[in-house]
Amino acid sequence: MTKPLQDQIIMVTGASSGIGAATITTLLNAGARVVALARRIERLEQMQTSLEAGSDRLLPLCFTLTRPGRVSLNEIVVRPTRQPI
């Protein structure tokens, strides 16, 4: 049976804790591919490691929304063994 969000790509900001982290789990369980944006890349990587299912569909990125209208991309985490999101 196909999941409701199967292979849809969804971006979540504030993804390292709270509502953002809970949203990621819900989206992965629904079959989505998730680009997770947060300032604390370590938390995103810990989340990815602790996931039982869906970790291959999670792309963690260190991203800071510093001011309205300005976006700063600090670091992109890509592992050669990962499938493209």
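Projecting label points 7 angstrom from Cα along Cα→Cβ for Arg39 and Ile9 puts them 2.7 nm apart. Highest mean packing first, where packing is the average number of other Cβ atoms within 10 Å per residue, the peptides 7-14, 21-28, 57-64, 43-50 line up as 57-64, 21-28, 43-50, 7-14.
Each reported figure results from applying straightforward, stated rules to the coordinates on display, with no laboratory input. Remember, predicted model here, so these are calculated numbers, not experimental data. Every residue, glycine among them, receives a Cβ derived from its backbone with ideal geometry; neighbour counts consider all protein chains shown.
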